[in-house]
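> After the structure tokens below, expect a handful of questions from me.
The values are calculated or read from the model by the stated rules, or taken from the named source; none is laboratory data. What you are looking at is a predicted structure, and each value in this text was computed from that prediction instead of being measured. Cβ placement follows ideal geometry from the backbone for every residue including glycine, while neighbour counts extend to all protein chains displayed. Accessible surface areas use protein heavy atoms only, side chains included; no ligands, DNA or RNA. Shrake-Rupley method; radii C 1.70, N 1.55, O 1.52, S 1.80 Å.
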Amino acid sequence: SMTKISLDTLGVSQLNARYCDAVIRRDSDAWRSLWHREGRWYFLGEWIEGQDAVVARWEAAMSGFPVVYHLINSEIIDATSVEASSRVYIDEEIITADGDALRFIGVYNDHCVKEGDKWLYLSRRFDLIYQGPGALNRNGWTGYPADIID
């Protein structure tokens, strides 16, 4: 049976959307703000421990990809009032520093916690499902509008 969407479910969905948004805007501060201080990230086969280490690893990865288009195409969320599990499928179009276009399809399996009224990632495991050639062209990518400041 269909369960009604709770505000907590919506809160975790917004966390996932803010993650996607921070990636596309390449906003390190916004991305950092989504992680619990003891957050753990499984990325390319290894666990990275703690918010500072997680952010440093993300910044290093992003520096090798001048273009990252990160798209959520499905999310399943089970939330209580203080914690949640989330499974998110993503589609990513990337251009490497060498100009190669790549497409990644992957899945995040997450454990989220609520601190105050804010949802955060406590653990986020990313696994690639597919990697192949991408379709984006570097010359066509203008990125997020630079004149919009929020």
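> Here are the criteria: (1) over 16 Å from L120 (Cα atoms); (2) open to solvent by less than 30 Å² (accessible area, probe 1.4 Å); (3) touching a residue at least 60 places away in the same chain (Cβ under 8 Å). Tell me which single one E92 does not satisfy.
Unmet condition: (3).
> State all residues of segment 20-37 that are touching a helix residue (DSSP H, G or I) at 6+ places or on another chain (Cβ under 7 Å) and of a type in the set (S, T, Y); if no residue qualifies, say none.
Residue satisfying the conditions is S28 alone.
> With respect to L10, is the statement that it is farther than 17 Å from M62 by Cα and surrounded by fewer than 14 Cβ atoms within 10 Å (Cβ to Cβ) true?
When the stated conditions are applied, L10 passes them.
> Ok, one more. What residue, of R103, R87, R125, is at pLDDT 95 or above and touching a Pro at 6+ places or on another chain (Cβ under 7 Å)? Step through it out loud before you land on a result.
Working: R87 fails: touching a Pro at 6+ places or on another chain (Cβ under 7 Å); R125 fails: touching a Pro at 6+ places or on another chain (Cβ under 7 Å).
Just one listed residue meets the conditions, R103.
> Go through segment 58-79 and give me each residue that's surrounded by 13 or more Cβ atoms within 10 Å (Cβ to Cβ), within 28 Å of L10 (Cα to Cα) and not aliphatic (A, V, I, L, M).
W58, E59, Y69, H70, E75, D78
> Quick one: how many residues across segment 80-89 are in contact with a His (Cβ under 9 Å, 6 or more places away or on another chain) and either open to solvent by 70 Å² or more (accessible area, probe 1.4 Å) or farther than 11 Å from N16 by Cα (or both)? Show your work before the answer.
Start the filter on segment 80-89 by keeping residues that are in contact with a His (Cβ under 9 Å, 6 or more places away or on another chain), which leaves 83-86.
Cutting the leftovers down to either open to solvent by 70 Å² or more (accessible area, probe 1.4 Å) or farther than 11 Å from N16 by Cα (or both) gives us 83-85.
Within segment 80-89, residues that are in contact with a His (Cβ under 9 Å, 6 or more places away or on another chain) and either open to solvent by 70 Å² or more (accessible area, probe 1.4 Å) or farther than 11 Å from N16 by Cα (or both) number 3.
> From A22, A53, grab the single residue that is under 26 Å from I149 (Cβ atoms) and either among the aliphatic types (A, V, I, L, M) or at pLDDT 95 or above (or both).
So the residue among A22, A53 that is under 26 Å from I149 (Cβ atoms) and either among the aliphatic types (A, V, I, L, M) or at pLDDT 95 or above (or both) is A22.
> Please work out if V68 is in contact (Cβ under 8 Å) with a residue 40 or more places away in the chain, assigned to a strand (DSSP E or B), under 20 Å from W141 (Cβ atoms) and not polar (S, T, N, Q).
In short, yes.
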